[in-house]
Amino acid sequence: MNRKATIAASVAGAGAAGIATAMFRRHDDAAEDSFSQPALDATVTERSQQLRRHLADLLGAQKHTLKVLQVQERDAGLIRFHDVSPLITAASQLLDSHVESTKDCLDDFGGAPGSFLRRMVTPLSGVVTGMFNRFRTEPVSRMLRDDVVALTLLAQGAGMLHATALAMGDYRVAALAERQLRDLPLLVTRISDRIPGVVIEELEYDGMNIDTSAIPRAAATVKEAWTQQG
């Protein structure tokens, strides 16, 4: 089978994933000539399943984080921090859009049946679930801490999906993951910057005699630690 025939067969047999496989194979005509169609189809399927697993894992974590953020939006303790509440609303709206785009992309790979999704979300969303299980009894400062950890985890998940998709030649999935990755750091930073002030304000709210002038100093220390040059 010549090079053009192999590329055409892969496109007809597997759509976008076939195109990706053909792109990876076309640099080596000799290897391509000996690459049988069943073997090519198996490779395409394996690549698709790898991306499907990453997408399902990320979607599960995004859904759980979104659910928690939506509950936090209505939390009376958090709402009294007037400059914090809009950050949680922004995070909720952003995650809602991420869930939709990730789900749409996963659907293009055939979706994820319930049993498949439950099995595949364990690595990433299991960590998120464990963090958030107790959030209703926690102070607002700890809610925000867990939000920062969860959103950072989602950013890392998007980064892993981006790397996987690039390596497999699926540039549509890579672009989706890159957009989601770039959306998160600024939001994480804004929430993180506010945590020291919330910690101190909570102490004051509980009736403790504390120095509220420590808020900008504590916030500056945290910000400096995260922006220091190596």
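Out of I195, I210, I200, I191, one residue alone is out of contact with any Ser or Thr (no Cβ under 7 Å at 6 or more places or on another chain), closer than 16 Å to D83 by Cβ and among the β-branched types (V, I, T). It is I191.
Each row is one residue, and each column tells you yes or no for (1) touching a His at 6+ places or on another chain (Cβ under 8 Å); (2) surrounded by 12 or more Cβ atoms within 10 Å (Cβ to Cβ).
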{"position": "D183", "(1), (2)": "yes, yes"}
{"position": "V188", "(1), (2)": "no, yes"}
{"position": "S192", "(1), (2)": "no, yes"}
{"position": "E204", "(1), (2)": "no, yes"}
{"position": "D211", "(1), (2)": "no, no"}
{"position": "A214", "(1), (2)": "no, yes"}
{"position": "A218", "(1), (2)": "no, yes"}
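If you go through the range 188-215 and keep only what is touching a Pro at 6+ places or on another chain (Cβ under 7 Å) and either in contact (Cβ under 8 Å) with a residue 24 or more places away in the chain or under 15 Å from P139 (Cβ atoms) (or both), you end up with just E202.
Restricting T152, T129 to those that are modelled with pLDDT of 95 or more and in a helix (DSSP H, G or I) reduces the list to T152.
Taking each residue of the range 56-68 that is farther than 21 Å from S85 by Cβ and modelled with pLDDT under 95 and looking for partners that are hydrophobic (A, V, I, L, M, F, W, C) and not in a helix (DSSP H, G or I) with beta-carbon atoms closer than 7 Å, six or more apart or interchain, yields A56/A112; A56/V121; D57/V121; G60/V121; A61/V121. Is it fair to say V198 is over 18 Å from L66 (Cα atoms), in contact with a Phe, Trp or Tyr (Cβ under 9 Å, 6 or more places away or on another chain) and surrounded by 18 or more Cβ atoms within 10 Å (Cβ to Cβ)? The answer is yes for V198.
None of A165, A175, A225 is more than 28 Å from E73 (Cβ to Cβ), at pLDDT 95 or above and either surrounded by fewer than 19 Cβ atoms within 10 Å (Cβ to Cβ) or in contact with a Gly (Cβ under 6 Å, 6 or more places away or on another chain) (or both) except A175. Contact annotation: residue pairs with Cβ atoms under 7 Å, 6 or more positions apart or on different chains, pairing a residue in the range 99-114 that is closer than 16 Å to Y171 by Cβ with a partner that is modelled with pLDDT of 85 or more, are S101/L176; C105/L55; C105/V173; C105/L176; F109/S48; F109/L51; F109/R52; F109/L55.
The values are calculated or read from the model by the stated rules, or taken from the named source; none is laboratory data. It should be emphasised that the depicted structure is a prediction, and the values quoted were computed from it without experimental measurement. Here the Cβ is made from the backbone with ideal geometry for all residues, glycine too, and neighbour counts use every protein chain on show.
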